[in-house]
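Peer 1: So that we are looking at the same thing, I have put the structure below in C-alpha cells.
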Amino acid sequence: MTLHILDSDSARRAKLARLAFAAGHHAEIYASAEELLAHAPARGLVLAQDEPVGEGICNLIASIMRAGQWLPVIAIAENPQTSTVVRAIKAGALDYLDVPEQIGPLNEAVARAAREADAQRAQRGRAAEARQRIARLSMREREVLDRLADGCSNKAIARDLEISPRTVEIHRMKMMGKLGARHASEAVRLSIEAADAPGVVAA
C-alpha cells in the first residue's frame, strides 16, 4: 500500500514516512495540497495532517473534489476532539486518528480505510453509471422519475405537473426505456444510486 503523507512540517513528514516504511508500506511525501494535486495519485491512501485543526481536512477534501478527483483520506492530529472528527468524517474522510506512533495502530487504520475505499470506489462507479443513464432523459422524464422516487402515483404526478395521467404514463414508459429499467423499482434504484456517492450531487 502506498501512503501519500501530507504535512507542512518536514520533521513530522519524515517521521511518518519512516513509520510507514517500517510498517511495510511505500510512502510519498507532500508539503501542501497543491503539491499533492499537481500529480494526483491514482492509488493508495492519503494520510493528512489536519491543519489548521478542524478545517484542514475539510479544505483538502473540497480541493480534491474541485479538481475532479477522489482520493481516500485518513486525517491525523494530536488529540483530536470529537467535534473535529465528526466534521472531517462528514466531509468525506475515511478515518481520523491521533498521530500514529507505532506500526500496529497505523496498519489497523490503513486496513480499515482500504476496505472502505474499495467500497466507496464501487459505490461511485454505480453512481457514475446511473448518472449517465439519467442524463439521457428529457426534463419532463426526469421530473416524472424524481416524483416516482418520492413515492408518488401516476395520478399524483399528473396533478403536480399539471398534465394528464395518460401523459404521465407516456413519459414514464419513455423514461423506463431510456434507463433500461424493466420495473419502476429499478428506475427508483438508479435515481438513488445517482446521488449516492459521498460528496457527489447528481446532475
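Peer 1: Search region 103-130 for residues that are more than 23 Å from Leu16 (Cβ to Cβ) and pair each with any residue that is among the polar types (S, T, N, Q) and surrounded by 15 or more Cβ atoms within 10 Å (Cβ to Cβ) when their beta-carbon atoms are under 8 Å apart and the residues are at least 6 apart or on different chains.
Peer 2: Note: pairs meeting the criteria are Ala130/Ser191.
Peer 1: Suppose we filter Ala38, Ala75, Ala33, Ala48 for residues that are under 16 Å from the mean Cα position of the chain (by Cα) and within 30 Å of Ala128 (Cβ to Cβ); which single one remains?
Peer 2: The conditions single out Ala75.
Peer 1: Is there a residue being more than 30 Å from Ala77 (Cα to Cα), of a type outside the set (Asp, Glu), open to solvent by 60 Å² or more (accessible area, probe 1.4 Å) and in a helix (DSSP H, G or I) anywhere in region 111-129?
Peer 2: The answer is yes; a qualifying residue exists.
Peer 1: If a residue must be out of contact with any strand residue (DSSP E or B) (no Cβ under 7 Å at 6 or more places or on another chain), open to solvent by less than 30 Å² (accessible area, probe 1.4 Å) and charged (D, E, K, R), how many such residues does region 1-53 contain?
Peer 2: The qualifying residues number 0.
Peer 1: So in region 155-188, with the set limited to residues that are assigned to a helix (DSSP H, G or I) and in contact (Cβ under 8 Å) with a residue 40 or more places away in the chain, which one is most open to solvent (accessible area, probe 1.4 Å)?
Peer 2: Applying the filter and picking the extreme gives Lys178.
Peer 1: Pick from region 72-102 the residues that are of a type in the set (S, T, N, Q) and either in contact (Cβ under 8 Å) with a residue 24 or more places away in the chain or out of contact with any Asp or Glu (no Cβ under 8 Å at 6 or more places or on another chain) (or both): which of them is least open to solvent (accessible area, probe 1.4 Å)?
Peer 2: The selected residue is Thr84.
Peer 1: Same structure, new question: With the condition kept exactly as written, say whether any residue in region 130-138 is among the small types (Gly, Ala, Ser), under 30 Å from Ile64 (Cα atoms) and at pLDDT below 90.
Peer 2: Keep residues of region 130-138 that are among the small types (Gly, Ala, Ser), which gives 130, 135, 138.
Then drop every residue that is not under 30 Å from Ile64 (Cα atoms), which leaves 130, 135.
Then drop every residue that is not at pLDDT below 90, which leaves 130.
Yes, because at least one residue in region 130-138 is among the small types (Gly, Ala, Ser), under 30 Å from Ile64 (Cα atoms) and at pLDDT below 90.
Peer 1: A follow-up question, please. Can you tell me which residue within region 189-200, out of those that are hydrophobic (A, V, I, L, M, F, W, C) and surrounded by fewer than 19 Cβ atoms within 10 Å (Cβ to Cβ), is modelled with the highest pLDDT?
Peer 2: The qualifying residue modelled with the highest pLDDT is Ile192.
Peer 1: Also, quick follow-up: Show the residue pairs that are 6+ apart or on different chains and have beta-carbon atoms under 8 Å apart, the first residue being within region 47-62 and over 9 Å from Val73 (Cα atoms), the second being hydroxyl-bearing (Ser, Thr, Tyr) and outside any strand (DSSP E or B).
Peer 2: Partner pairs satisfying both residue conditions: Gln49/Ser8; Asp50/Thr84; Glu51/Ser8; Val53/Thr84; Gly54/Ser83; Gly54/Thr84.
Peer 1: Among all residue pairs at least 6 apart or on different chains, which show Cβ distances below 6 Å where the first residue, located in region 27-41, is aromatic (Phe, Trp, Tyr) and the second is surrounded by 15 or more Cβ atoms within 10 Å (Cβ to Cβ)?
Peer 2: Listed by first residue and then by second, the contacts come to Tyr30/Leu6; Tyr30/Leu36.
The values are calculated or read from the model by the stated rules, or taken from the named source; none is laboratory data. Every value quoted in this text rests on a predicted model; they were computed, and no experiment measured them. Heads up, the Cβs are rebuilt from the backbone with ideal geometry, glycines too, and the neighbour counts pull from every protein chain shown. For the accessible areas, the whole protein counts, side chains as well, though only heavy atoms, and no ligand, DNA or RNA atoms are used. Shrake-Rupley method; radii C 1.70, N 1.55, O 1.52, S 1.80 Å.
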